[in-house]
Every structure is written in structure tokens, then in C-alpha cells.
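The values are calculated or read from the model by the stated rules, or taken from the named source; none is laboratory data. Source: prediction; values computed, not measured. Every residue, glycine as well, gets a Cβ built from its backbone with ideal geometry; the counts of neighbours run over all protein chains shown.
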Protein chains: 2
Amino acid sequence: MADGDKRQARRIPEATVARLPLYLRSLVEVADEGMSTISSERLAEMSGVNAAKVRKDLSYLGSYGTRGVGYDVEYLLFQMSRELGLTHDWHVVIAGIGNLGHALANYAGFRERGFPIAALVDADPRVIGSVVNGITVRHIDELPDIAADQQISIGIIATPAGAAQGVADQLIAAGVSSILNFAPTVLTVPPDVSLRKVDLAVELQILSFYQQRKTAAQRVAQITAPTGATVAPPPPAAS
Amino acid sequence: MADGDKRQARRIPEATVARLPLYLRSLVEVADEGMSTISSERLAEMSGVNAAKVRKDLSYLGSYGTRGVGYDVEYLLFQMSRELGLTHDWHVVIAGIGNLGHALANYAGFRERGFPIAALVDADPRVIGSVVNGITVRHIDELPDIAADQQISIGIIATPAGAAQGVADQLIAAGVSSILNFAPTVLTVPPDVSLRKVDLAVELQILSFYQQRKTAAQRVAQITAPTGATVAPPPPAAS
DNA sequence: CGACCCTTGTGAGCGTGTGAACAAGCGGCG
DNA sequence: CGCCGCTTGTTCACACGCTCACAAGGGTCG
């Protein structure tokens, strides 16, 4: 109970966690340029957020800044990496080697940022055995063995929607407790498993919503402004 | 003033907008199964959200449900599609035909969901002229012509980080006002341009953070549980 | 050594998002 | 024709996140 967990127990808001990687990227950039300190204002500008938000976010990590000066880039970089768990690599397995899985397997950014791809799995016998980016695709049923050999921490699901839940279950059974889901479907996982999703079509639909609003507003403006005529919105395809 | 904008003026919260596509997907699924009505509870379960939230979200679109019965699937589907601007296709251009751009160009889900890929552009002469998924890659400087020919509404940036801002500027200059950015960098765009981003490495880093916390908690449990020895949390990295 | 400048860290106010609870209202059944 | 069960639509309270504003405090220069 009365444990001295002062350092770790600091609960970091989810919204802040999602921004830490942005700061990290900016810091790396700044470090490469040789700057040794950085102000919250500059860091905010580079990361595309508000300066006050930056300061508050960083304050959750601890008081690593110096008033009147700013933050020591190297030190902050170290602390943030530690907090994000980036002091060592996390091995990744990609499940589903179709178009997207293929591209992800070839994406160099993962390894560069500390997420080397340790294994590729699929269920389709036509794909199994093929080599992508130097890694041989194995059958998904071998996951337990693979997870035992390598220390797999994160699973990426790039299968069709129908197969995703089954694959997730297999990943979890093999001990993977962090999953990034690209399949356009809702996955249900135990509460101790972290799940994030990236749905490309959903992103486009959200953009579509706002685009729709924008063009609708334009039409209204065009109709009301010049004539003031009765508002009978002409069908969209009048271009 | 006294225009009949009651229908459109309802301001829909951003969080709700982001969920509408999920509902839409569930509705399509339900419609395929032949169900004609659906309750908020079932829709919630399928979409992985809270039932009260579903009802509130749908209420922003209007009162399209029937008490005691539920929502008419077809009708709700229509209203939601209309609201999301999915009654017609939106043409998409993909900029940057590397690994990821290639995969995106081949992804059938875009066309299926009403986002046909109208053009592919790149700056690398070695890529220009090649045909991906039936579409010839053209030079990015031709964007104005391409945008004039096709009605391009949405641009997807799949270039390296360094090129992204320049590409975004070109897209915007060509009249594209909705952008989905896959490049790991912060883009600055005019306020009338919608911008969403998908950063794969960031997603993994967020997962890494929580994974880190989980394993750290496990270590603490292992230390405290068996012996009950004095809790002197071994400093993570003996600073 | 003291005054001043600069930037951090944080407290308060505000808006948005969430979840529970409940009245309103529709359909079916006796 | 009236009652009853079911589901919506909405209200309320609360939690969370964001922004502003400012005191606290380190560094620097005269």
C-alpha cells in the first residue's frame, strides 16, 4: 500500500500520451540541428500544438525544464524515451500479408523508430513461405512458437475484416497484449489488452463529411448572395 | 434569414462525426442480414460504443427512430449517407507512390466505399509512367490539369516526411481542400482545408507507452508479492 | 550583489464529451 | 379502446481536456 510509487503513479492523461510521440519527433529534429535547449513555444510550433499545452504535458513527466531558459533537449529526449518505453526495441508481428501488410513489412520507419518487424504471418498457403523484406511468412497457427522464440510485444492486424477477430484472439492467446488494427471492424479484447485502430475508409468518410458541409455552404452563399431568389437548391452535379 | 436551414444548421460535435462512419458500417452489415429495424443497444454493441451515446449521436441527425421499436435501418442508412456526403463518389488523388502509396492505390476498399482513386502522382521520374491498379502515375506538377479534368476532392499524402509540406501546398493550390496525411510530419494548411493524419509510428509508440506501464506494473507486483520485502523500487536505470 | 528579463509550472474558468437515469411516446395485446 | 411493455430522445451531473493568465524562480548583466 504505502509504496513509494510517486514517480510512476503520475497518471498521464490519454490525450497527453497521444501527443508525446509528436514532441519526441520534434525533439529528435531539434537535436539533429544541434540545439541544446528549446522553449515550450518553439516546441509547440514544431509539433503543431499550443504552448501552454506543451508545458502542461511535459509537466506530467516531471519538472525537467529550467525557467528563463527552456528544456534541455538531450535530457528531455531521454526522459521522454524512457516514459514511452523506447529505451529498448519492441518486436512486432504483422498478421495478414496482403497489399497493406506487404507495405507495412517494407516500411523502414518501423525499425528506425525502434519497432523491428520480427515475424510475418498469414493464413493463406499461397503466401506462406514467401519472403518479404528478408522475412519469411509463416502460418498463423505457428504464432505460439514464434512468440516464444522472439519476444513479440505488439501485433499488427492487416487482414480482411472477416478474419480480424480470429487473428486477434490468436495473437492474444500467444501472449501479445498490444494490438494495432487496420481491419475495418470492431474488435473485442480483454481489458488488459491495449487496442488501437486505424481505419482508412473511416478517415476518408470524416473528411467527406466536412467537405460536404463546405460545398453545401458554398452553394447556399452562391444562391443567396447574387439574386436573393427563392431558395431551391439545385442538385449538386450542376458544375 | 428565414431560410429553411433547420436541417443543416444543427452543429454536430466532432466526436460524433468520428463515430458516424462506425454506425454506418454496422448499419450496412445489418441491412445485408435483412434486418429492417435495429435498436440503439444492438447498434451500440456492434459499433463498440455505449447505447446512450448512440442515441445521442443519432439525435443530432434528427429524430429518425421510433420509440418502442428502434431505428428503420434503410431510412437511417439513407439519412446518414446523406449527412456524411456519401450520396455520390468523391475522387481521390494519391501523392507519393512508394510502398505505402502503392498499397493504398491497390486497396479495393476505397472504391467500394465511394472513394474511387482518380489519379496517382509522384515526383520521382523512375515511378512516373508506371501503371498501378490500372492507373498511370503522372508527375505531381500536372496536378492543376488533373484536378481540372477530374473533380478531385480529397488528396492522400504518402510521401516521405521531407516532401509532405510541399506536396500539400501543391494539392491545395490545385483546389484540393481535404487532405489525409500519412507522412510523419506536421503540416500547416489554411483554415478552410480539412486535414487528418495517420501516423503509424506514433500509433506504435502510444501502444509502447501502455505496454511499458503494464510490464512495469508486473515487475512491481512480482517484487512486492512474494516476499513483502522493503519496497525500494529499483530505479529503472540507476540514474 | 541586486535588479531585470525570460520561461516554466500551475491554478482557475470554460467548453466539450460521457454516462446514467427517466419521461415521452409508439405498437401490440387483451 | 385502454393498458402495458419497450425503446427513444433528452436532461442532468460529472469528468476530462483546453486555454488563459500569472506567480515562481533561474540566469544574466550592470
For this session: Kindly state which helices (runs of 4 or more DSSP H) lie completely within the range B:31-141 and contain at least 1 residues that are within 16 Å of DNA strand D (Cβ to nearest atom) and within 30 Å of B:Gly155 (Cβ to Cβ).
Result: B:40-47, B:51-61, B:73-84
Exercise. Going by the structure shown, is B:Gly96 more than 13 Å from chain A (Cβ to nearest Cβ), at positive phi and away from DNA strand C (no atom under 13 Å from the Cβ)?
Worked result: no
Problem set entry | Residues located in the range B:23-65, provided they are touching a residue at least 12 places away in the same chain (Cβ under 8 Å), hydroxyl-bearing (Ser, Thr, Tyr) and within 16 Å of DNA strand C (Cβ to nearest atom) | B:Tyr23, B:Ser36, B:Thr37, B:Ser39, B:Ser40, B:Ser47, B:Tyr60, B:Tyr64
Exercise. Listed residues B:Leu200, B:Leu180, B:Leu207; which is over 30 Å from A:Arg11 (Cβ atoms), within 8 Å of another protein chain (Cβ to nearest Cβ) and either out of contact with any helix residue (DSSP H, G or I) (no Cβ under 7 Å at 6 or more places or on another chain) or at pLDDT 95 or above (or both)?
Worked result: B:Leu180
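Among the residues of the range A:71-122, write down those that are of a type in the set (Lys, Arg) and crowded, with 21+ Cβ neighbours inside 10 Å. Outline the logic, then answer.
Restricting attention to the range A:71-122, the residues satisfying the condition of being of a type in the set (Lys, Arg) are A:82, A:111, A:113.
Matches in the range A:71-122: A:Arg113 only.
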For this session: Give the range B:146-175 a look and list any residue that's out of contact with any helix residue (DSSP H, G or I) (no Cβ under 7 Å at 6 or more places or on another chain), within 10 Å of chain A (Cβ to nearest Cβ) and modelled with pLDDT of 95 or more, or say none.
Result: B:Pro160, B:Ala161
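Name the residue, out of B:Leu58, B:Leu20, B:Leu104, that is farther than 28 Å from B:Gln151 by Cα and modelled with pLDDT of 95 or more.
Working: B:Leu20 fails: farther than 28 Å from B:Gln151 by Cα; B:Leu104 fails: farther than 28 Å from B:Gln151 by Cα.
Going through B:Leu58, B:Leu20, B:Leu104 in turn, the sole match is B:Leu58.
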For this session: Pull up the range A:107-145, narrow it to residues that are at pLDDT 95 or above and of a type in the set (Ser, Thr, Tyr), then point me to the one that is nearest to A:Val176 (Cα to Cα).
Result: A:Thr136
Exercise. Which of the residues that make up the range B:28-80 are over 21 Å from A:Phe209 (Cα atoms) and of a type in the set (Val, Ile, Thr)?
Worked result: B:Val30, B:Thr37, B:Ile38, B:Thr66, B:Val69
